[in-house]
Amino acid sequence: MTLTQTIVSRPAFRFFCLYPASLLISAVFFLLSACTGALPEDTVTRVTEPCRLQGMEQAARCGSIQVAENPTELSGKKILIHFAVIPAAARIKTADPLFIFAGGPGQSAQLLADQIGKVFSSINRKRDLVFIDQRGTGESNGLECVMPGPNTPLQDAVKFETSLKALSLCREELIAQGQDLRWYVTSIAVKDFDAVRARLGVEKINIWAGSYGTRVALEYTRQFPTRVRSLTLDGVAPANQILPVQMAIDTDTQLNNLIVACKNDQICNKQYPNLREKLNALLSPQGAELALTDPFTGEKRKFWIDAQSVAGVIRSPLYTPQIAAVLPHAINRAAQGEGDPLFALGAVLSSNTEENFSMGMHMAVVCAEDMPRIDEHALKALEGKLIGRAYVDQYRAMCKDWPVAPVPPEFYEPVKNDVPVLVLSGGLDPVTPPRHGKQIAQWFKRSQHLIMPAGGHIVSTQPCAAKLITDFIRSAGSQVIDGSCLEKIPPPLLFSQIMREGSKP
C-alpha cells in the first residue's frame, strides 16, 4: 500500500505503501456500531497508562505487551508491542472497540491517530479506538532505516544506487543490533494483535484496514475468525497479489486512463499532445536526462535519471486524483527536458509519509511475502506495460540479501468466512483498484463492495464514506448500505481545464 500507497524517501527512490501508507495517506478510517453490552469501565484503565499521541489534544491510554521475536523460540529474545487506546467519550460504551490496521507496509498506527480521530470522531463517542504499532514499526521495535534525505546532494539523490547503498547499510546495522529480520511478516504480526485484544479483555472487535492493512486484516480474520464482529477494507491489497507486479499493472491502467482523459479534452490534447509517446520515452530502460534545480545552489543542472527513479516519481501523484490532474503538464515538461514539475509532484506524498515509515519492516514483509512468488508467468504480465519491470527490478535489488523465512502456504489462499465485510475502492486508485476489491468481496458470504469512481487510494476520509462506514458498523452488516453518495463526487479537473477556468473573466 501504502501496500501499497507509495512512499518516496527522496525523488530518486520510491517504494510503495498500500497506505498510504498517504494514509496515506495512506491511512484513513471508520465509525460506529451496535451495542453489545457495556465493557467494564476499568478494563482499559487497568492495563494502560495516560499518554498523549502526536498531534492529538484528546487524552489517550497507552500500553504494551511482551512477545517473542521468533515465535518458534518462546524463551528467546523478547520485543514489546505498543498500543494506544482513545477511550470512548460516553460513560457507558459498547463492548466491541474499533481496531485500526495501518498501511505501508511500514506505517505506525499510533502516528495515524490524529488523522483518524478527526475524521471519524463520531465512532469514538461510544467506542474505543485502538491503534497497535505492528511489530517492526513505530514504538514496537521499529526497524528504522536512515535513507537519503533533504540534505543529500542532488547528484546522489537522483540515483537509485544511493538509496540501495543506504538500505544495505541499514540491513547490516539492524542485524548487528541483534534484530532477526525474518520474524516481522504479516502472519506473525496478527498474533500480536490478538494478544493485545486479549490484554484489553475484549471478546470481539471491529476492524478498519487501509491498503496493506487490509492484508493484515484478512490474515487476522483467517487465524481468529471468531474474534471479528465486522470488517471494513479500504483499498484492498490481498496476499495473493504480488505487490511489485501489481503495482506496475495498476499504475499502467491509471496512466492510460489519464492519457485518454487528456486526449478527449480538446484543450489538454492541444497543450499536451502525444502523452503516451512521451511517457514511453521517459520510462525507457535507459532512463531519461532531465534538468533539475539544485536546492543548495539554485543552479539548474542536467542529470541522467534511471528508469526505477522515473517510474517511482511518475507513480506517486496518481495516488491523489487532484494531484494526478497536473501530471500531463509535468510529463510534457519532462519530455522537453525540464524535470522540476514532475519531481515536485513526486515529492508531495513523500513529505507527508516518510517520517511515519519503517523501511526495515517494509522490506521484511515484501521480501518474504511477495518477491519469492515472482516467476516467468508473473513477468509476462508486464510485457507491453508503460512501467514494465521497473518496480520488479527495484525490489529485486533491494531484497537481494534480505534474510527471510518461508511464509505459510495458506497465507495466500482465499479467506472464507461469514463475518460482515464492507469493501471500499477508488476508481482512480493506481495501487488497489476496484478489481482487487471485487475479488475479495467474493470470498465472503456477507459482503458489500462500494466504489467511488473519482476516488484515489483510500476513500474513507470522504465525509459520505465515513457515514457509510458508521452505518455499516452500527448494524454489523445487517443493513444494505447505499453507496450512491460516492458516485456523485465529481472527478477533478485536468490542469488544462483548471487554467482554462481560471482565465475566464
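Legend: residue pairs Lys93/Lys416; Lys385/Lys438; Lys278/Lys302; Lys278/Lys380; Lys270/Lys488; Lys380/Lys438, Cα-Cα distance threshold 27 Å; pairs beyond threshold, Lys93/Lys416; Lys270/Lys488.
The simple Förster model, with R0 at 41 Å and r as the Cβ-Cβ distance, assigns Ala344 and Ala89 a FRET efficiency of 0.50. Shown here for region 381-488: GluC sites (Glu not before Pro) in loop regions (DSSP other than H, G, I, E, B) with at most 12 other Cβ atoms within 10 Å, namely Glu383. Ordered by the count of other Cβ atoms within 10 Å of each Cβ, fewest first, Lys77, Lys93 give Lys77, Lys93.
Taking the helices alone, the chain has a mean residue ellipticity at 222 nm of -11000 deg cm²/dmol, built from -39,500 (n - 2.57) per DSSP H run of at least 4 residues and averaged over all its residues.
How about region 303-397: which chymotrypsin sites (Phe, Trp or Tyr not before Pro) there lie in a loop by DSSP and see at most 12 other Cβ atoms within 10 Å? Display every interim value, and only then the final one.
On the way: sites: Phe303, Trp304, Tyr319, Phe343, Phe357, Tyr391, Tyr395; in loops: Phe357.
Sites meeting the loop and neighbour criteria: none at all.
Taking all Cα-Cα distances within region 237-348, those exceeding 23 Å account for 28%. When only alpha carbons are used to place a centre, region 354-391 and region 405-439 end up 17 Å from one another. Take every DSSP beta bridge whose two residues both sit in the chain; close to 50 percent of them are antiparallel.
What dipole magnitude, in Debye to the nearest 20, does the chain give about its Cα centre under +1 on Lys/Arg Cβ and -1 on Asp/Glu Cβ?
Numbers: 51 positive and 49 negative charges, 216 e Å.
Around 1040 debye, computed over the chain.
Region 303-343 and region 82-106 have Cα centres separated by 38 Å.
Taken over the alpha carbons of region 40-184 as equal point scatterers, the Debye sum produces base-10 log I(q)/I(0) values at 0.15, 0.17 Å⁻¹ of -0.87, -1.00.
Bear in mind these aren't lab numbers, they're just calculated from the coordinates by the rules spelled out. Note that the structure is predicted; figures quoted are calculated from it, not measured. We place every Cβ from the backbone using ideal geometry, glycine too, and count neighbours over all the protein chains shown.
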